[in-house]
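Shown next, in structure tokens, is the structure this report addresses.
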Amino acid sequence: MGRSYLVTGGAGYVGSHVALALVERGDRVVVLDNLHQGHRAAVPAGAELVVADLADRRAVAEVFAAHRFDAVLHFAALSLVGESMREPLRYCAENAANSLWLAEAAVKAGVRKFVLSSTAALFGEPDRIPIDEEAPVRPGSAYGESKLMVERGLYWADRVHGLRSACLRYFNAAGADPEGRLGEDHRPETHLIPLAIDAALGRTPPLTVFGADYPTPDGTCIRDYVHVTDLADAHLRVLERLEHGSCRYNLGNGAGYSVREVIAAVERVGGRKVPHAVGPRRPGDPPVLVASSERLRRETGWTPRFAGLDAIVRTAWAWRERHPQGYGGRAATAPATA
Ligand code: UDP
């Protein structure tokens, strides 16, 4: 029996992969997106797109009045660590206000479940690696702080209104739909893997490595890259888990790779060098973030299909190579499975 979901930010990177997974299993999906970062072409066929800003509370109320949702999956947000360190107040104000008013609208409409796209940036510089759900929360950036504000609001929404929420702290979402239907296209692109691929393909200037003087084996930052399709699968599982009450999960592969290791993986997969040069550190970047997703695995049976870095990079490379202009351009060659 199909269910009905509101997916905010469903035209964006992670949101579109989740919307696709829901549509594919026969659920009804309404995507709410202002298309500032998202792309019309990323909204899966079969999903309804409402173009509106979350700050437009009347538009949001209209969406809730027109549908009965089983849950809200909330992805729409400002999401760049570096930008948040230049505009901290905007990040805290917009992300918190938009998300909390959305949750309020959901409560008023009688929706019982809410899934928040949260972040490893909650943990700042953790005491222990891998990071489990008991690790102290002390954001190292305004972006992380803004998500913490939302997590706290949702805690109170559960206590007072019974809104069940799942806070999914993603580590580094990466890769693309393995069937080539969706990919990663941020404007401007700031993420390591697509930037390294574009540099290898000669489309952009050399990649800048943000700091090689961190206390890590090769001096560059270590991150836990998790495939976006595995993230989508986690959302489907967590929706079932919410029957039992609110939850929060750290979501990563449990393996850390340095910036230099990512560059090496892109070179292996693509068969081309990644031109790069070491530059200064980027404010707000912790040296090491690696997840323990043991709780998620234990409680939902989640197992990542794309556990290795090369497997993740391969899907990213395939999409990027065929879409030189991202969603803005035509596919250079037809995807094999289209
Ligand atoms: N990074 C880099 N050069 C870039 C972009 C990213 O060295 O042009 C590094 C960044 O400092 C971090 C890692 O790559 O250690 C992943 O960054 P990304 O922006 O992809 O994700 P984030 O960790 O900020 O969520």
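What follows draws every value from the coordinates through simple rules; no lab data is involved. Keep in mind that this is a model prediction, so the values were computed, not measured. Please note: Cβ atoms are built from the backbone with ideal geometry, for glycine as well, and neighbour counts cover all protein chains shown.
Annotations
- Set side by side, the residues His36, His74, His67 differ, and just one is closer than 30 Å to Ile222 by Cβ and more than 16 Å from the ligand (Cβ to nearest atom), which is His74.
- Val238 passes every criterion in (1) surrounded by fewer than 21 Cβ atoms within 10 Å (Cβ to Cβ); (2) touching a strand residue (DSSP E or B) at 6+ places or on another chain (Cβ under 9 Å) apart from (1).
- Index of the failed condition, Tyr249 passing every other in (1) more than 13 Å from the ligand (Cβ to nearest atom); (2) more than 24 Å from the chain's Cα centre (by Cα); (3) not small (Gly, Ala, Ser): (2)
- Per the listing Ala166, Ala173, the residue uniquely within 20 Å of Glu299 (Cα to Cα) and either among the hydrophobic types (A, V, I, L, M, F, W, C) or within 14 Å of the ligand (Cβ to nearest atom) (or both) is Ala166.
- Criterion violated by Thr229 - all others in (1) out of contact with any strand residue (DSSP E or B) (no Cβ under 9 Å at 6 or more places or on another chain); (2) over 27 Å from Gly10 (Cβ atoms); (3) crowded, with 22+ Cβ neighbours inside 10 Å satisfied: (2)
- Those residues of the stretch 196-210 which are of a type outside the set (D, E, K, R) and either within 17 Å of Tyr327 (Cβ to Cβ) or more than 6 Å from the ligand (Cβ to nearest atom) (or both), in sequence order: Ala196, Ile197, Ala199, Ala200, Leu201, Gly202, Thr204, Pro205, Pro206
- Residue within the stretch 211-227 that is within 20 Å of the chain's Cα centre (by Cα), within 11 Å of the ligand (Cβ to nearest atom), over 23 Å from Gly38 (Cα atoms) and not in a loop (DSSP other than H, G, I, E, B) present: yes
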